[in-house]
Structures are given as C-alpha cells and as structure tokens.
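Okay, structure first, notes after.
Read-outs: derived from the displayed coordinates by stated rules, not from any lab. What you see is a predicted model; the values in this text were computed from it and never measured. All Cβ positions, glycine included, derive from the backbone under ideal geometry; neighbour counts span all protein chains shown.
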Amino acid sequence: MTAAPLATAPAPSSPVRGLFHRLARDSGYVLFSLPLALVGFVLAVAGISLSAGLLVTTLGLPVLAGVLYAARGLADLERLRLPGVLGRPRVRPAYVTPPRGARFWRRVFTPMRDPQSWLDLLHAFLRLVVTLPTFVVLVVWWALALTGSLYGAYDWAIPRGPGDQDLSQLLGMGDGADARIALNTAIGLFALFTLPLVARACARIQGGLAYSLLAGVAEMRQRIVTLEEQKRAAASAEASALRRLERDIHDGPQQRLVRLAMDLGRARHQLAADPEAARRTLDEAVAQTRETLDELRALSRGIAPPILVDRGLPSALAALAARALVPTELLVDDDLGTAAGRLDPGLESAAYFVVAEALTNVAKHSRADACRVEVARKVGRLEITVTDDGIGGAHLAKGHGLSGIADRVRAAGGTLEVASPNGGPTRVHAELPR
C-alpha cells in the first residue's frame, strides 16, 4: 500500500518580518546583558574579596559557597536566554548535589568540588569584558542608524555658529544644507542596513563566551554519556540478535540437519535389503532438505532481507505487512524507495528491524484485530509509528520484546516512546536521526 500524502509544512514568515524579529531579539539580548554583567561582576568581586577576608575565621567558606550558588543562578538565567540567540537547545549541567541528610559543612563544600560552579563564577568575571564593548558598539550603531537616516528632518534645528564647519566641508563635499544632509543621511542608511549584521555579531560574541563556559563542558559530557549509552545499547542489541539467531538455528535447521543425517544413514543400510524402503527414506530426506532451506531463507530475511537491499525500505515493509498475522495497514513515503530518496543502509536496517519486531509483538501479545504502520521522513529524522487496537499493557522492561527495539533505536541515536495503557490501544513511536 502506498503512502498517503504527508501534511505540508506551514508557509514560512516573510523575510522582512524574520529580519526585524532577529534584530529585536539580538538587540534585546545585548542591551539587557550589560546590567546582568554588572551584577555578576560586582557579586563575584565583592564575594571573593569578602570570603578571602573572612577565610581565617572559617566564615569565608560559607560566603564562598553562597557566591558560587549566586553565580549558578545568574548562569541559569543566561542559559535561558542563549537558545534564542544561538539557536541551540538549552543545556543545563548536572551539578554536584549533596546527599540527602548531609551536614552543614558537607553542603558548604559541595559547590566547591563542582568544576562547573567555578566556570559559572569565571563567566561572571569575564562577562563584563565582552559585554561592555559590544554594548557600546551596538548603541552607537543604533544611534547612527536613527539619527543619520532621519537627519534631514531636524537639520534646520541644529544651532551653528559663524566659524563652525560641517563634516561635509572637511571632506570637500561643499558647504550648504544639501551636502550636509546627503552625507549624514548616507551614513545613517549605511548604519541602518548593516545594523542587523552588527547586532548579530555582538550577540554571537556574547553568546559564544557564555555557551563555551556555561554549557560547552556540559554538552561535551552529555555527548559522552549519550555515546556510551549508544555503545551499550548496540552491544545489547547485537547480543540479543546473536542469541535469537543461535536459538532459531538450534531449534530449526540444526534439528532438521540431524534428522537428515539419520535418514541418509538409514537409507544407506536399506539399499541392499529393501530398495523400496530406501527410496521412501530418500524422499523424506529430500523433503527435510527443502524445509531446511526454507527455514534458512527465513533466518536470512531476518538478518538482512534481500528485498531491503534490492528494492528499498517501502518494498521490504510491504512484504512484512503482507506476512503479518494481524491485518496491517502500511503508510510509507514513496520516495524512500527511489534511488534519490534511499536512506543510509544502516538506517534502513534499523527501521526494518523496528517494524519487524513491533509486528512480531503485536502478533504474539496484543490480541489485536488491526494494526497500522506509518513511516515518514521529516527534517533530520525518520519517524516510525506502529499502533494496534489490542489489549495494551506493553512496556520496555528487560525480557519483553520491546526492549530489543529500544536497544536498536538507542544504538542508532534515536528515541523510542511506548504508550500502552491497559485495555489498549498500543502506540510505539520511534525517531531515528538521518
């Protein structure tokens, strides 16, 4: 069954409106950064000085801990502002926290053992060094853009003495209102047209410093944790697949091959004494051989189905839906099967495995009368949704069929969501990055 047409994306807003929106956001970020930077700098300098002065009385340590917590609060406020400027998701570090029931001094020393707390304090120190010049540049550019582009409206109101010289005279453009208005208006229009670029540059400079100190290390740690989880999930998925393959071979083809060897041995002994019995035994051996080949082909389809390699994901999923024990409706993008729309082989294999395992679980456990599989290509990801009208109760605990799907999805860097209340319906939704 071919795919139903997917919903089209909403029409983008006009470029002019987007430009003004970006200019307002960048300008607001830069302008409001100065008071926050002043507060952070004063807090850091005063707090460190006070804690150093009181260190001999041991009161300096609680003061230092309070300064670190205050710097953390300012850092959290800055992290809330960063996504709008840098276009990146918010990343908050996992701060070291004291254990439940910890004593006072344990709580005091906890933020001092956290490297991110010191990075927050360092940002409070260095932020003013970057914020002040970018603030001045942006304010001057805004002033040039507004006063210059509107200069012709108020030139008459500017008082001038007998010996005053205008910039147009100094540049040799002549004396008079026309030359003066032309020069100042040109400067203003240049500042006005370059204002979005200047505001963007100032915001990126401030945001870059903040992101590197407040979220860069946390993002790196989060990435390392994610890679470790993907590695463990890949190892678990591979081990599960190997155990399943070993069990299927042991229970199927291996038993038939043992039976085949016994039949051939019996036929060899029967050839001289009873040729007719030997012929019947050989016929049984031929039937066993065909059945063994069929089982081996079925196992090979589970590992790497030829139709997936040759004809692409839509055809392979159509074959799965046709063999499913529960009537299955399939909706998949047609372009996924074209040469230009083919996905990475690893991604196609992961998507095929997700659908195959989900349909197997539907057949074994759901008691469903109907099933629906949707595969849609979205921006940067592939979405797979399998729903059924069964009894529900599915979950991702180890030992259940969905755990293998979860491991395979995590190994591919994706996410898996399962909604299966008691009584149904069940919805399995996977997103794989591409």
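Viscosity 1.002 mPa s, temperature 20 °C: what is the translational diffusion coefficient of region 335-391 from Stokes-Einstein with a Kirkwood Rh over Cα pairs, rounded to a whole number of µm²/s?
171 µm²/s
Taking just the alpha carbons, could you work out the radius of gyration and Dmax for region 307-433, both in angstroms?
Rg, Dmax (Cα atoms, Å): 13.7, 42.
For region 38-147, what class follows from the C-alpha gyration tensor (a ≥ b ≥ c being the square roots of its eigenvalues): rounded when a/c is under 1.5, otherwise prolate if a/b is larger than b/c, else oblate?
Note, shape of region 38-147 comes out oblate.
Please arrange LEU313, LEU55, LEU282 by counting, for each residue, the other beta carbons lying within 10 Å of its beta carbon, fewest first.
If I rank by nearby Cβ atoms, fewest first, I get LEU55, LEU282, LEU313.
Which percent of Cα-Cα pairs in region 377-432 sits in each 5 Å bin, short to long?
5, 21, 26, 25, 15, 8, 2
Taking 0.36 nm per intervening residue step and subtracting the Cα-Cα distance, what contour gain separates ALA419 from GLU276 on full extension?
45.4 nm
Would you mind ranking ASP310, ASP335 by Cβ crowding within 10 Å, fewest neighbours first?
In order of increasing Cβ crowding within 10 Å: ASP310, ASP335.
Just in region 310-413: which trypsin sites (Lys or Arg not before Pro) are loop by DSSP and have at most 11 other Cβ atoms within 10 Å?
Of the trypsin sites (Lys or Arg not before Pro), the ones in loops of region 310-413 whose Cβ has at most 11 other Cβ atoms within 10 Å are LYS398.
If one computes the Cα centroid of region 50-65 and of region 113-130, what distance in Å separates the two points?
19 Å
What ranking do LEU150, LEU80, LEU213 get, fewest neighbouring Cβ atoms within 10 angstrom at the top?
By the 10 Å Cβ count, ascending, the order reads LEU80, LEU150, LEU213.
Could you give the nm distance between label points at VAL129 and ASP310, where each point is 7 Å from its Cα heading toward the beta carbon?
6.6 nm
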